[in-house]
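In what follows, a single structure is set out as C-alpha cells and then discussed.
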Amino acid sequence: TDSQHGVSSRKLERIKEEVAGYK
Amino acid sequence: DAAKSIIDLAVYGSAQNRSYERLALFVDTIGNRVSGSDNLKKAIKYMYSALQDDKLQNVSLESVKVPHWERGKESAMMLQPRQKNLAILGLGGSVGTPPEGISAEVIVVSSFAELQSREQEAKGKIVVYNQPYVSYGETVQYRSRGASEAAKVGAVASLIRSVASLSINSPHTGWQDYQNGVPKIPTACITVEDAELMARLSSRGVKIVVQLNMGAVQHPDADSFNTVAEIVGSKYPEQVVIVSGHLDSWDVGQGAMDDGGGAFISWEALSLIRDLGLRPKRTIRLVLWTGEEEGGVGSSQYYERHKKDIRNMDLVMESDIGTFMPVGMQFSGKPEARVIMSEVMKLLAPINITKLYDNAEGTDISFWMQAGVPGASLLDDASRYFWFHHSEGDTMTVQNPIWMNHCAAVWTVVAYVVADLEEMLPR
C-alpha cells in the first residue's frame, strides 16, 4: 500500500519497467 | 533505445571527443577564471555566445554578486638557517602583508592540537602547519581555518602545507575563512616538500626565520552571472532536472579539471540530447555556476532566487570532482528514489558503468539537497584529482577525451531518463 510520502511496491515495479524501456 | 543511442553518439559516434575539444578551445582561449576577474567575465560571455550558437533554448545569464580577491605579487624566502626560496600560493581571501613584508621566526606544528599545546611559543611567529594528508575533507580544515587558529595564539602569519595527495614542489591554493573577532593575518600554502623540510629542521632544534611578502587585495564584490541554457520539456516544462558544473576556477593553471570538465560534460549532455532529436517530458536545465571556489556563492544566490520552485525540482546533478574515467554515480535521496536511480544506471551496461553509490556531493547542489531534493554527482577515478587540484598543474594535459566521452554518456543518460519518466523522483 502507499504510505503517505512513499511509493507502493507495485508503482515502483511499474517505474522499473518504464526505465527498462530506455535500453 | 534512447540510452543506447546516447552512448553510441557520445562514445563511438560523431560527438566523440567533442566535450574535450570544446573545453580545450575554451581554456586555451580564456585561461583561468577566478571570481571577479576579467577572465571570468570573458568566460561567461564566451559561454553565453557558444550556447546560443549551439541552438539551445532559453540561454540566459542570472546576475549575482561574487567576491573579488586579487593575489598580487607574493613570495617567501627562508632566511635562516640558510637562504631558500619557498614556493607559495596565497589563499583566497587572505590579507596581504605590509609592503616591506613580514620577517619572523617559524614554529612548526602538525595539528591544531599541537598548536594549542604550544601556544606560548607561537606569539609573534609564523605558524607553519605540516599536517599529514588524510583526506581532502579532513585535511582541508587546516587551509580554511589555519590563519584564524594561528592568530588566536598571537601568530603574525600562517603557512600551510598544501592539501595535496602528491607533490612535485607544487603549492595548491584555495579559499580560507577568517573568524569574526579574530585578527586577520596573511596566510598562504607552501609545498609539501618545504613543510616537511621545516618540520625536520625544527625537530633538530634549528631556528628557522622566513620572510613573507604578499600583495593580496580584497576588492568590493563584483558583478557576475550564473550561465543557464535549457532543453524545454515537452509535457511538464515547469519541472526541472539540473545538470551543472562551475565555470569559475582558481587563478592558477587553466581550471581545465576543476571544473572545466564538469561544466563541459554538462553542456555536452544538452548537445547530445538535441543532436538525437530527443525531447524529454521535463526541462533539462544546464547551469554553469559562478563563484563556486569562494564557497558556492553563485549557487547559493541561485537557490535563494529559485527555491520558491522547489516543488518542481526533480533532480539536481553536479560534476565537480573531475572527469576522469567514470565509475558510477553518487546519489542522495529517498530509498524509493534510489531504487529508480539504480534501474537508470543499469542502462549504462554497454559501457560497464552501472554502480550507484551513496552521498551525492557538490557545493553547488548542496542547498537543494539539504532542502530534500534528490541529488546526483559523477563519481570518477579521482585518485589523481588532488595531485592537480587548485595548482598550476590543473591544465588541459590532465584531461582525456575518451574519459570525457564516457562521463558525458553517463551524465546524459541519467539526466535524460530521469527527465523523461512519467513521474518525478520520490522525495
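Results, tabulated for the structure shown:
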| read-out | value |
| --- | --- |
| Equivalent-ellipsoid semi-axes of the protein assembly as shown, from the Cα gyration tensor, Å, largest first | 44, 22, 20 |
| Value of relative contact order over the stretch B:292-412, rounded to a whole percent, pairs C-alpha under 8 Å and six or more apart | 37 percent |
| Rh by Kirkwood over Cα pairs, then Stokes-Einstein D for the stretch B:265-410 at 1.002 mPa s and 20 °C, µm²/s | 131 µm²/s |
| Rotationally averaged projected area of the stretch B:103-152 (alpha carbon convex hull; nm²) | 3.4 nm² |
| Dmax and Rg, reported as Rg then Dmax, of the stretch B:22-109 (C-alpha, Å) | 20.0, 63 |
| Trypsin sites (Lys or Arg not before Pro) lying in DSSP loop within the stretch B:1-60, provided at most 14 other Cβ fall within 10 Å | B:K55 |
| Ratio of the Cα radius of gyration of the stretch B:369-427 to 2.2 N^0.38 Å, where N counts its residues | 1.51 |
| Helix axis angle, B:297-306 relative to chain B longest principal axis, alpha carbon, degrees | 40 degrees |
| Sum of side-chain charges, B:V240 neighbourhood, beta-carbon under 9 Å (Lys, Arg +1; Asp, Glu -1) | -2 |
| For the stretch B:326-427, the fraction of alpha-carbon pairs in successive 10 Å shells from zero, as % | 14, 43, 31, 11, 1 |
| Between 0 and 90°, nearest 10: helix B:192-203 axis offset from chain B longest Cα axis | 30 degrees |
| For the stretch B:274-332 versus the stretch B:222-254, the gap between their alpha-carbon centres in whole angstrom | 7 Å |
| Principal axis dimensions, largest first and in whole angstrom, of the stretch B:43-179 by Cα | 63, 33, 31 |
| Within 10 Å of each Cβ in A:10-22, the average number of Cβ atoms from other chains | 6 |
| Ranking of B:W250, B:W403, B:W289 by count of other Cβ atoms within 10 Å, fewest first | B:W403, B:W250, B:W289 |
| Mean shadow area of the stretch B:17-59, taken as a quarter of the surface of its Cα convex hull (nm²) | 3.3 nm² |
| Karplus (6.51, -1.76, 1.60) ³J(HN,Hα), θ = phi - 60°, over the stretch B:36-48, in Hz, Gly and Pro reported as x | x, 7, 4, 4, 5, 4, 5, 4, 5, 4, 4, 5, 4 |
| Helix-derived mean residue ellipticity, 222 nm - over the protein assembly as shown, DSSP H n ≥ 4, -39500 (n - 2.57), to 500 | -10500 deg cm²/dmol |
| Expected-Rg normalisation [2.2 N^0.38 Å, Cα atoms] applied to chain B | 1.03 |
| Cα gyration tensor, the stretch B:245-334 - rounded (a/c under 1.5), prolate or oblate | oblate |
| For B:I351, B:I185, order by how many other beta-carbon atoms lie within 10 Å, fewest first | B:I351, B:I185 |
| Lysine pair count for the stretch B:1-140 [Cα-Cα under 25 Å; pairs on different chains or 8 or more apart] | 13 |
| Convex hull projection area averaged over all views, the stretch B:177-282, Cα basis, nm² | 12.4 nm² |
| Shielding by partners - mean other protein chain Cβ count within 10 Å, residues of B:2-13 | 1 |
| Ellipsoid semi-axes in whole angstrom, largest first, where each is sqrt(5λ) of the Cα gyration tensor of the stretch B:274-327 | 22, 20, 10 |
| Amide H contacts under 5 Å for B:N17, placed H, 5+ residues apart | B:N405 |
| Relative counts (whole %) of C-alpha pair distances in the stretch B:116-241, using bins that are 10 Å wide | 11, 34, 27, 11, 9, 6, 2, 0 |
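Laboratory data are not the source of any read-out in this text; all were calculated from the coordinates shown. Computed from a predicted model, the values in this text were never measured in an experiment. Here the Cβ is made from the backbone with ideal geometry for all residues, glycine too, and neighbour counts use every protein chain on show.
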